[in-house]
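The values are calculated or read from the model by the stated rules, or taken from the named source; none is laboratory data. Predicted, not measured: the structure shown is a model, and the values here were computed from it. Cβ atoms come from the backbone with ideal geometry, glycine included; neighbour counts cover every protein chain shown.
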Amino acid sequence: MTTTREAPEPVTDVELVVLLDEGGSPIGTAPKADVHTDATPFHLAFSCHLLDDEGRMLVTRRALGKRAWPGVWTNACCGHPAPGEHMETAVQRRVRQELGVDITALELALPDFEYRAVDASGIVEHERCPVYIARVDGELRPDPDETVEWQWVEPERLLAGVRATPWAFSPWLVLQAEQLPLLAGAA
């Protein structure tokens, strides 16, 4: 008797992003390395804001080698869930990759956040980007290919800075700052 088995999924190092239709439903995948262009399709991502034990928020400066918004100050971490990956797992994975730290008390703060923005080089971000808040559990050890500088700041000072100089921050941080309950309470 002969039996057949399905071939296992090929193992690949290509990082994929989940593409979305206008309503936010998954419609496919694309390699992350190819998706961010001047015609970036709508896709799934996330943002995470981190707090320390003193209630300060982490802002990071994107590495100068980043394709989009290099050198811009932004929230603690952003990323994309892999196809089929739970969003919370993706957040924890990406924070560990970018900042070298674990997180606790992960909470969804803005489940329906979406934005489209174009950087100075013409690269477009077009994302459904749920926003999370978490606490750090340990000392930061940022990956220099992701983060070149970081600073802990009181929420009210961050909000004041974003309002005074929005051009110095990522567009997603500027938009999130007005919506996040943590920052709205700092006004």
*Go through the range 18-32 and give me each residue that's within 17 Å of the chain's Cα centre (by Cα) and either of a type in the set (S, T, Y) or more than 18 Å from A117 (Cα to Cα) (or both).*
V18, P31
*Yes or no: E149 assigned to a strand (DSSP E or B), under 14 Å from the mean Cα position of the chain (by Cα) and either surrounded by 15 or more Cβ atoms within 10 Å (Cβ to Cβ) or in contact (Cβ under 8 Å) with a residue 60 or more places away in the chain (or both)?*
no
*Number of positions in the range 152-187 that are of a type in the set (S, T, N, Q) and either free of Cβ contacts under 8 Å to residues at least 60 places away in the same chain or surrounded by fewer than 16 Cβ atoms within 10 Å (Cβ to Cβ) (or both)*: 2
*For V118, are the conditions met, namely being farther than 19 Å from D34 by Cα, at pLDDT 95 or above and not hydroxyl-bearing (S, T, Y)?*
no
*Any idea which of (1) among the small types (G, A, S); (2) surrounded by fewer than 19 Cβ atoms within 10 Å (Cβ to Cβ); (3) under 15 Å from the mean Cα position of the chain (by Cα) is the one G122 doesn't satisfy?*
(3)
*asked:* For the range 114-126, which positions are touching a Cys at 6+ places or on another chain (Cβ under 9 Å) and over 14 Å from V174 (Cβ atoms)?
replied: E114
*Could you check, for the range 48-68, whether at least one of its residues is in contact with a strand residue (DSSP E or B) (Cβ under 7 Å, 6 or more places away or on another chain), at positive phi and either in a loop (DSSP other than H, G, I, E, B) or modelled with pLDDT under 95 (or both)?*
no
*If you take the residues of the range 125-146 that are surrounded by fewer than 18 Cβ atoms within 10 Å (Cβ to Cβ) and assigned to a strand (DSSP E or B), which of them is modelled with the lowest pLDDT?*
D137
*Filter result for A82 (part of a loop (DSSP other than H, G, I, E, B), over 16 Å from V174 (Cβ atoms), in contact (Cβ under 8 Å) with a residue 24 or more places away in the chain and over 14 Å from the mean Cα position of the chain (by Cα))*: no
*Within the range 37-62, which residues are more than 14 Å from the chain's Cα centre (by Cα) and crowded, with 16+ Cβ neighbours inside 10 Å?*
T40, P41, F42, L51, R56, M57
*Output the number of residues of the range 152-176 satisfying the condition of being outside any loop (DSSP other than H, G, I, E, B), within 17 Å of A109 (Cβ to Cβ) and in contact with a strand residue (DSSP E or B) (Cβ under 8 Å, 6 or more places away or on another chain).*
7
